[in-house]
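Reading through the structure tokens given below for one structure.
The values are calculated or read from the model by the stated rules, or taken from the named source; none is laboratory data. Owing to the predicted nature of the structure, the values given are computational and were not obtained by experimental measurement. Positions of Cβ are backbone-derived with ideal geometry, glycine not excepted, and every protein chain shown enters the neighbour counts. Accessible surface is based on the protein model in full, side chains and every heavy atom, while ligands, DNA and RNA are left aside. Shrake-Rupley method; radii C 1.70, N 1.55, O 1.52, S 1.80 Å.
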Amino acid sequence: MDRRVVDVARRRARALVLNRSDAPVVAPPRTLLLSGGDNFTGPAISTYFNGVSMASAMGRMGYAASAFGNHEFDFGVPQFSKLRDLARLRYLAANVKIDDAKLADELAIRRYEVFERKGVKIGVVGLAAADTLKAAMAERFRGITFEPTEASLDRAIHEARETGAADVVVVTAHECPDDLLPIVKKHPEWQLAFVGGGHCHRKIDARAGDTPVITPGWRLHQYARVAITINPDNPPRARVVTISHSIVDVATDPQVPADPPLARLVTASRTKVDGALGKVIGHSEDGIGPEEAVGKIVSDAWLHEVGGDVAIMNRGGVRQTIPRGPITHATIWSVLPFDNRLVKVSIDGASLAKDLEAKSFIISGAKRAPNGDWSVGGKPMDPKTRYTVIITDFMYGGGDGAVFAAQDPKAVGTGLSWRDPVIAWIEKKKSAEGGPLEKKLDERPAPAGKQR
């Protein structure tokens, strides 16, 4: 009996660092490497190069395809196309609809793709997050709509089997398994070998009937390995004999030598980033976390450096904690990797009180009393008084479900990067060894003022 084993490795591509392209690694003939999307925005060593470093890394590593993540357009549509080509991969999303033919050709996002390994045809169906327009800058997705998840998957899986003649079908999705599990459970007829999820930033190993639904941890700390045994002599829908999977921790093994081209490119990119963003602005003794604590530093910095009554930071904007040791410009780029700008809005107290209820917000300048009442600047919030609130353009555009644009259609753009006030504020704290930043956070300088 002819049985063929193929491996499907799925990583959350996040933090590798390169700045030019070398010839791709020749992957084992039975291995297919997939990504769950959001490939290029992350630590400064990728973000500073507008994703080119990570794209070059993925091209070297031999990625075949990626789900379409909500942050793929962080550097703009033209840059997305450039990064896709550098990474030498195909973007897949069954639920993405693009009516404009020119834009569709430029983006080249397909519902599915069939790859061949050891004579086995593997149909890979992609999926974008249903909340993409709320989890990213919606204006960057003009001309793109996101269709219902279940119907989109059903159509693409059927096409992969019938039109693509796939022996086995897998799904790589930029969607949390919590949302995928009930859908996959309803459709045992899909006969999926596995579903790889993402977007929710946590490791998940679950099952929907016989189908593994898995997400390795983000930031390349883990990857999922799925081994599929195929008997090509069986009927088309019965060729999968066994499926086994594991989530593998990524660790540096001294017995495994580094890939020389990757090592050279890592060193070169690190040197460039250190030269551009290596200025030390402070020091942390033990590291500062979790992300919510870092977000509070960010919103405090906005309030005191930019001026206003309240500053609101969205939790999802903070992408890492502050590590122990020197704090540099690069640290803040890694904490706040997106290219957001600060905006001032004027909101009446009654509306602001409702805004502050959102669990996705981190707040400075306003406090809630045990009885539920809010105060601003130590005074009770007046429902009729208008308050100046500092937010990002991402939030003003409706990100994380914010409604600030409806509350103030005439917002004032500051032109400031959201990172700059944070860098300035931390630098003013004059933290150093023996006097780390975490011990200086309660030293509040006078606010910059209440200019609009």
MRE, 222 nm, helices only [DSSP H, n ≥ 4, -39500 (n - 2.57), over the chain, to nearest 500] = -7500 deg cm²/dmol
request  = Report, to the nearest whole %, how much of the accessible area of region 173-299 belongs to carbon and sulfur atoms, 1.4 Å probe, protein only.
outcome  = 53
request  = Determine Rg/Rh for region 38-139; Rg is computed over alpha-carbon atoms and Rh is the Kirkwood hydrodynamic estimate from the same atoms.
outcome  = 0.97
ask   = Going through region 295-377, which chymotrypsin sites (Phe, Trp or Tyr not before Pro) have at most 12 other Cβ atoms within 10 Å and a DSSP loop state?
value = none
Cα→Cβ-extended label distance, 7 Å offset, between residue 412 and residue 430, nm = 3.1
Distance in nm between pseudo-label sites at residue 81 and residue 238 (7 Å out along the Cβ direction from Cα) = 4.8
Other-chain or far-sequence residues with amide H under 5 Å of residue 387's (modelled H) = 347, 348, 349
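Return the loop-located GluC sites (Glu not before Pro) in region 278-366 (DSSP other than H, G, I, E, B) with at most 16 other Cβ atoms within 10 Å of their own Cβ; answer none if there are none.
Those that pass, being in a loop and sparsely packed, are 285, 357.
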ask   = Which percent of the Cα-Cα distances in region 359-440 go past 20 Å?
value = 55
note = For region 45-160, the percent of accessible surface on carbon and sulfur atoms (probe 1.4 angstrom, ligands and nucleic acids excluded) is 47
task = At 1.4 Å probe size, with every protein chain present, just tell me what the per residue accessible area of the chain comes to in Å².
result = 43
inquiry  = For the chain, give me the percentage of DSSP beta bridges that are antiparallel, rounded to the nearest 5 percent.
reply    = 70
key: Rg/Rh ratio calculated on Cα atoms of region 264-392 (Kirkwood radius)   = 1.07
ask   = Gain in length, residue 271 to residue 441, computed as 0.36 nm per residue apart minus the alpha-carbon separation, to one decimal in nm?
value = 58.1 nm
message = Using 0.36 nm times the number of residues separating residue 207 and residue 104, minus their current alpha carbon distance, what extension gain do you get?
response = 33.7 nm
query = Stretched out fully, how many nm does the piece from residue 385 to residue 200 gain, at 0.36 nm a residue minus the Cα gap?
reply = 62.8 nm
Within the accessible area of region 317-452 (1.4 Å probe), percent carbon and sulfur = 53
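Which net charge results when you count Lys and Arg as +1 and Asp and Glu as -1 among the other residues whose beta-carbon is under 15 Å from that of residue 143?
Once positives and negatives cancel, what remains is -3.
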remark   = Distance in Å, no decimals, from the C-alpha centre of region 389-424 to the one of region 34-68 is 27
ask   = Considering only Cα-Cα distances, which of the following residue pairs are longer than 24 Å: 203/440; 367/430; 134/354; 296/439?
value = 203/440; 367/430
